[in-house]
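Participant: This is the structure, below, for whatever I ask next.
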Amino acid sequence: MKAAGITLVIIIALALQTSLARFITPGGGLVDFVFVAVVYIALSTGPTAGMVAGAIAGLSQDALAASGTLTVMIGAGTVSTQSIIGIGSLAKTVVGFFAGIIGSQFIVARPLPRALVFFTATVTHAIIFVGLYRLIDRGYTQSTMGAVLSQAAANALVGVLVFQISDLLPNLA
């Protein structure tokens, strides 16, 4: 996947997150399309591209959340429109890097291992994101474990579907 393809995937994910996510669930926080795109890029291209995609996608998502265009939800915890730019980017960068390492070191070509990577990456992202937010902003409403796990399951399902679709279209990746 070239830089133009990575950029296109991130732009599509941001567009889906800002327009489609609120129709899927009332709060729009069940599926994080931007996060799914970062893990997809990391598993497809490796740790460096995953890290760069995480940084770019996270900063874009943080900036949209700060402007009020996008509500970032991690489980049941909602970040206000006065959000701190960079926390989501740092969390996505770390997760993108480690997902890329897992994708390059282990065979994750089947749906079940891919779902496990998406699920684990979502939980790790939530731990990093909420942990950093709680360090900086004591008034941040914490996510419940059930909400994080349901978001992880939804991200895993969407992530596996994205891989299935990209496997059917060989020129896409």
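Participant: Closer than 23 Å to residue 47 by Cα, open to solvent by 60 Å² or more (accessible area, probe 1.4 Å), assigned to a helix (DSSP H, G or I) and in contact with a Leu (Cβ under 9 Å, 6 or more places away or on another chain): which single residue out of 163, 119 fits that description?
Facilitator: That would be 119, the only listed residue that is closer than 23 Å to residue 47 by Cα, open to solvent by 60 Å² or more (accessible area, probe 1.4 Å), assigned to a helix (DSSP H, G or I) and in contact with a Leu (Cβ under 9 Å, 6 or more places away or on another chain).
Participant: Please count how many residues of region 94-105 are over 19 Å from residue 166 (Cβ atoms) and either open to solvent by 30 Å² or more (accessible area, probe 1.4 Å) or small (Gly, Ala, Ser) (or both).
Facilitator: Residues in region 94-105 being over 19 Å from residue 166 (Cβ atoms) and either open to solvent by 30 Å² or more (accessible area, probe 1.4 Å) or small (Gly, Ala, Ser) (or both): 5 in total.
Participant: So which residues in region 110-167 are among the basic types (Lys, Arg) and either out of contact with any Phe, Trp or Tyr (no Cβ under 7 Å at 6 or more places or on another chain) or at pLDDT below 95 (or both)?
Facilitator: If the condition is that a residue be among the basic types (Lys, Arg) and either out of contact with any Phe, Trp or Tyr (no Cβ under 7 Å at 6 or more places or on another chain) or at pLDDT below 95 (or both), then 110, 134, 138 are the ones that fit.
Participant: If you go through region 122-140 one residue at a time, how many are open to solvent by 80 Å² or more (accessible area, probe 1.4 Å) and over 18 Å from the mean Cα position of the chain (by Cα)?
Facilitator: Adding up the residues that qualify gives 3.
The values are calculated or read from the model by the stated rules, or taken from the named source; none is laboratory data. In this text, all values refer to a predicted model and were calculated from it rather than measured experimentally. Using ideal geometry, Cβ is built from the backbone for each residue, glycine included, and neighbour counts are taken over all protein chains shown. When the accessible area is computed, the model is the full protein with side chains, heavy atoms only, and any ligands, DNA or RNA have been set aside. Shrake-Rupley method; radii C 1.70, N 1.55, O 1.52, S 1.80 Å.
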